[in-house]
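The values are calculated or read from the model by the stated rules, or taken from the named source; none is laboratory data. These numbers were taken from a predicted model, which means no experiment stands behind them. For neighbour counting, all protein chains shown are included, and Cβ atoms are generated from backbone atoms with ideal geometry for every residue, glycine included.
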Amino acid sequence: MAILLPGGAGYIGSHTAVELLNQGKEIVIVDDFSNSKSEVLDKIKQITGKDFKFYELNYLDKESLEKVFEENDIEAVINFAGYKAVGESVKKPIEYYINNVSGALVLLDTMKKYGCKRFIFSSSATVYGERKEVEYTEEMKRGETTNPYGTTKAMIEKILEDIYTSDPEWSIGILRYFNPVGAHESGLIGENPQGIPNNLMPFIMKVANKELDHLNIFGNDYQETKDGTGARDFLHVVDLAIGHIKALEKLEQEKTGIYVYNLGTGNPYTVQEMVDTFQKVNHVVVPYQYTARRAGDLPIYYANSEKAKKELNWVATKTLEDMCKDSWNYVQKNSNK
Ligand code: WQD
């Protein structure tokens, strides 16, 4: 019996693959390398000393996906496949809806055909939309998403709810990520987006490594935060990966049901705190300048993750310093790549 990981060569997927293998689980990774690199697969094997099957395919290709189910006894799927750049999604909505939503539908339809009804979905805090509250709890209704990326996440959550209503034999975990950062302590895997990064930490990493000239801090006039810069619930990617292990255990234990969890620390840090900490713990300089706010940004939001703590026995344990050190370690071990 194996766990199928679409997008398993990506940032979150590869870290989760490591934790699954460390737990003795059998995994199968499928990936089209649209936002990942093939050498990550060897790095996962190097870290864990374990082997696994891999298929290079686009999960929209139903025939290829069916072949994976024909050739492997898939007991559950954790779906990491999906484009995830907020800014890019505004420019390319059709590509985002096709890849993220149609891709998820092809995957779910194929699972149904082969009687596999255990599914964990990489969702995002962005589904809460713009709201007056800053601490998000799972009881809150999904809000108005502000970009196609976020809308695809909200759509897939709704699709999963409808699937469960139609057939309560399904076993579904919806994990709402806050802001994943950091890298495995080995420095062998980490966040390495193609092109100019959208997210804060990969941008800091490239500036610190002198690949980019400076960081623009988007706004330092937010009254709602301690120093005027935006604040987010940054969590270490290894904590996040372990959250998937705990969610899978929950689904295995409950057999059926649909469960939604925030995966965050509940402890927001500002952009200024992130930049200052990164420089301090790594003894590097990250030149920056304050610029205008980025359209669509919220001043501050963070997770109430009590539900994951209570029901999954999951708590994020790594510190902001760990996130900064592990990110920089990854850059140093991979910068000539
Ligand atoms: C964080 C903070 C920016 C870049 C989005 C998605 C979320 C998830 C993570 C994919 C904000 C500031 C950023 C920069 C900056 N998606 N910033 N200069 O927007 O919170 O979340 O990405 O994994 O679903 O919504 O993440 O890292 O882009 O921004 O000042 O060059 O850093 O204004 O306050 P965000 P982010």
- Message: Condition check: among the aliphatic types (A, V, I, L, M) and touching a Ser or Thr at 6+ places or on another chain (Cβ under 9 Å). Does L263 satisfy that?
- Response: yes
- Evaluate segment 92-99: report whether one residue or more is within 16 Å of the ligand (Cβ to nearest atom), buried (at least 20 other Cβ atoms within 10 Å of the Cβ), farther than 24 Å from H184 by Cβ and touching a residue at least 24 places away in the same chain (Cβ under 8 Å). yes
- Within segment 111-141, can you find the residues that are in a helix (DSSP H, G or I) and either within 16 Å of the ligand (Cβ to nearest atom) or buried (at least 19 other Cβ atoms within 10 Å of the Cβ) (or both)? M111, A125, T126, V127, Y128
- Does any residue of segment 286-294 turn out to be more than 10 Å from the ligand (Cβ to nearest atom), farther than 20 Å from L240 by Cβ, part of a loop (DSSP other than H, G, I, E, B) and in contact with a helix residue (DSSP H, G or I) (Cβ under 7 Å, 6 or more places away or on another chain)? yes
- Selected residue (only one of E249, E144, E161, E224 is assigned to a loop (DSSP other than H, G, I, E, B), surrounded by fewer than 20 Cβ atoms within 10 Å (Cβ to Cβ), more than 13 Å from the ligand (Cβ to nearest atom) and not aliphatic (A, V, I, L, M)): E144
- Query: Does V28 satisfy being β-branched (V, I, T) and crowded, with 18+ Cβ neighbours inside 10 Å?
  - Reply: yes
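Matching residues to (1) surrounded by fewer than 20 Cβ atoms within 10 Å (Cβ to Cβ); (2) among the hydroxyl-bearing types (S, T, Y); (3) touching a residue at least 24 places away in the same chain (Cβ under 8 Å):
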position: T277; (1), (2), (3): yes, yes, yes
position: V284; (1), (2), (3): yes, no, yes
position: R293; (1), (2), (3): yes, no, yes
position: Y301; (1), (2), (3): no, yes, yes
position: S305; (1), (2), (3): no, yes, yes
position: E311; (1), (2), (3): yes, no, yes
position: T317; (1), (2), (3): yes, yes, yes
position: C324; (1), (2), (3): no, no, yes
- Message: I'm checking my understanding of the structure. Among residues of segment 59-73 that are touching a helix residue (DSSP H, G or I) at 6+ places or on another chain (Cβ under 7 Å) and either over 30 Å from T146 (Cβ atoms) or at pLDDT below 95 (or both), which one is surrounded by the most Cβ atoms within 10 Å (Cβ to Cβ)?
- Response: L65
- Query: Restricting segment 164-198 to residues that are touching a Gly at 6+ places or on another chain (Cβ under 7 Å) and within 16 Å of the ligand (Cβ to nearest atom), which is nearest to D233 (Cα to Cα)?
  - Reply: F178
- For residues that are basic (K, R) and buried (at least 20 other Cβ atoms within 10 Å of the Cβ), tally how many sit in segment 31-50. 1
